[in-house]
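Data first, discussion second: the structure below is written as structure tokens.
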Amino acid sequence: MEQLNETQRYFIEEHVEDFRDGFISRRELIRRVTLIAGSAAVASTVLAACDLSPRPASTSATAPAAAATPAPSPSPFATPPASPVPDGVTVRENDPRITVSKPEVKGSDGANLMAYMARPAGTARVSGVIVIHENRGQTEHIRDVVRRVATAGFVGMNIDLVARAGGAEKLTDSAGYNAELAKRSLTDKLGDHNATLAFLKSQSTGAIGVVGFCFGGGETWNLVAAGTDLKAAVPFYGPQPTNFAEIAKTKSAVSAVYAEQDTRITGTAPQMEEQLKKAAAPYLITVYPGVNHAFHNDTGDRYNAAQAQKAWVATIEWFRKYLA
């Protein structure tokens, strides 16, 4: 995969795993990889080097998500649902606990980043949490996560990293969205994240955390490695960035979430922990048992309610501790 950039490789590996787990057909796999790689020839070469053998079915991927009661928390807040939610909505925009808006946040080139923000009802200034989307952009599920953040007492915000091409609202084909997202350089993405951070600081106490999922977990690691002014970070099953050694310089409190069956990502956890140990900041590595990549996404095939609820409650507790 030498001819591909880091993001393209990650997306292709995700789609290969979906194929091996039986979630997509071979034809769909080829279509997606062709869009991401840019040509059928490259896609053919890449797939020829991949293990495409079926994997044994995992209970986390095929069994219905079990109901679970989250651990007690200092005050009630929204958590992942007890069963999958096809429309992605667990907290309505008109929920009396929160106020939702779409402020104009601009990148350094003046582009509107399609920001989505939710804050606790009332006028008190509270800490902020940036929510970084998966490889499908600002979906309803991600907006719902932003609203969950607000029910927990933080100002939550998300931007779509492909806003310049219309974002997820326009690019409804997952592979087409992936192809656009993979065109963006690390510098470009960090620029948009920093614009979001600056805006959120103006809307909060100035203490900011970040949580990201899948691709967004990788972006969370990128922000940590870049030395971004964050008090806390929670990457959910984020791929290891090329410059992961820079994480040793972070001052952010990092709680890294991994899935036991997600061996491609979880296998890098020891290297990440080695760098976090060198940093003068608190950290936590948690591998959730019996689940696979994307177990927190309640609209996906690998959703696991019990572990998603545990991970989310732990995430809110982490932010409450380090964004105070």
key: Carbon plus sulfur fraction of accessible area for segment 147-240, probe 1.4 Å, in percent   = 50 percent
query = If you compute Rg and Dmax of the Cα atoms in Å for the structure shown, which of (1) 21.5, 71; (2) 21.8, 74; (3) 18.6, 57 do you land on?
reply = (3)
task = With a 1.4 Å probe and all protein chains in place, put Asp21, Asp301 in order of accessible area, largest first.
result = Asp301, Asp21
ask   = At Ala111 and Ser25, where each label point lies 7 Å from the Cα along Cα→Cβ, what is the point-to-point distance in nanometres?
value = 3.4 nm
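In the structure shown, do any of Lys170/Lys310; Lys201/Lys251; Lys106/Lys251; Lys189/Lys251 have a Cα-Cα gap over 29 Å, and if so which?
As for pairs spanning more than 29 Å Cα to Cα, those are Lys170/Lys310.
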remark   = Scoring only Lys, Arg, Asp and Glu (+1, +1, -1, -1) among other residues with Cβ under 12 Å from the Cβ of Val155 yields +4
request  = Can you tell me the FRET efficiency between Ala49 and Lys170 if r is taken as the Cβ-Cβ distance and R0 is 35 Å, rounded to the nearest 0.05?
outcome  = 0.60
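By accessible area of protein heavy atoms, probe 1.4 Å, what ranking do Tyr283, Tyr116 get, highest first?
Tyr283, Tyr116
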note = For the chain, dividing by residue count, accessible area per residue (probe 1.4 Å) in Å² works out to 41 Å²
ask   = Considering only the other residues whose Cβ falls under 14 Å of the Cβ of Ala324, what net charge follows from Lys and Arg at +1 and Asp and Glu at -1?
value = +3
note = Quick calc: nm separation of the 7 Å Cα→Cβ label points for Leu190 and Ser202 -> 2.3 nm
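Could you work out how much longer the chain between Lys183 and Glu274 gets when fully extended? Use 0.36 nm per residue separation minus the Cα distance between them, nm to one decimal.
Here the answer is 29.7 nm.
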task = Would you mind counting up the charge near Ala43? Only other residues with Cβ under 11 Å from its Cβ, with Lys and Arg at +1 and Asp and Glu at -1.
result = +2
remark   = Of Thr34, Thr196, Thr263, the most mobile residue in a GNM of the chain (C-alpha springs, cutoff 10 Å) is Thr263
remark   = For segment 171-324, shape from the Cα gyration tensor axes a ≥ b ≥ c, cut at a/c of 1.5 then a/b versus b/c, turns out rounded
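The values are calculated or read from the model by the stated rules, or taken from the named source; none is laboratory data. Bear in mind that the values here come from a model prediction, so they are computed numbers and not experimental data. Cβ: placed from backbone, ideal geometry, glycine included. Neighbour counts: every protein chain shown. Just the protein is used for accessible areas: all its heavy atoms, side chains included, with ligands, DNA and RNA removed. Shrake-Rupley method; radii C 1.70, N 1.55, O 1.52, S 1.80 Å.
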